[in-house]
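For reference, the structure discussed in these notes is given below.
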Amino acid sequence: MAFDEVIDVRSPAEFAEDHVPGAVNCPVLDDEERARVGTLYKQASPFEAKKAGAALVSRNIAKHIDEQFLAKPKHWRPLIY
């Protein structure tokens, strides 16, 4: 099964550290957001962190779809990790 593009959804720092050659970085959390959610997890509660993280992830995914993926053809097959 072939894919047209590899999409790496990890933070920019994680992507910079290592990634699949040719992958495109479309982070669901940027570095600052990732740190903020991690801090909430430790200092407040896992539940509060998950609520905040889910809102950020949803917003960021919607932005990526609007800015980068709407024009892709119907048969486009990404591998997302």
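None of the figures in this text is laboratory data; all of them are computed from the coordinates on show. All figures in this text were calculated on a predicted structure; none of them were measured in a lab. Because the Cβ atoms are built from the backbone with ideal geometry, glycine has one as well, and the counts that use them run over all protein chains shown.
Worth a mention:
- Output for the stretch 40-58, where each listed residue is surrounded by 12 or more Cβ atoms within 10 Å (Cβ to Cβ) and among the hydroxyl-bearing types (Ser, Thr, Tyr): Tyr41
- Scanning the stretch 41-81 for residues that are within 18 Å of the chain's Cα centre (by Cα) and among the aliphatic types (A, V, I, L, M) yields Ala49, Ala52, Ala54, Ala55, Leu56, Val57, Ile61, Ala62, Ile65, Leu70, Leu79, Ile80.
- Positions within the stretch 13-35 being of a type outside the set (Gly, Ala, Ser), surrounded by fewer than 15 Cβ atoms within 10 Å (Cβ to Cβ) and farther than 19 Å from Leu79 by Cβ, in sequence order: Glu17, Asp30, Asp31, Glu32
- Within the stretch 1-12, being among the aliphatic types (A, V, I, L, M), exposed (fewer than 15 other Cβ atoms within 10 Å of the Cβ) and within 23 Å of Glu67 (Cβ to Cβ) holds for no residue.
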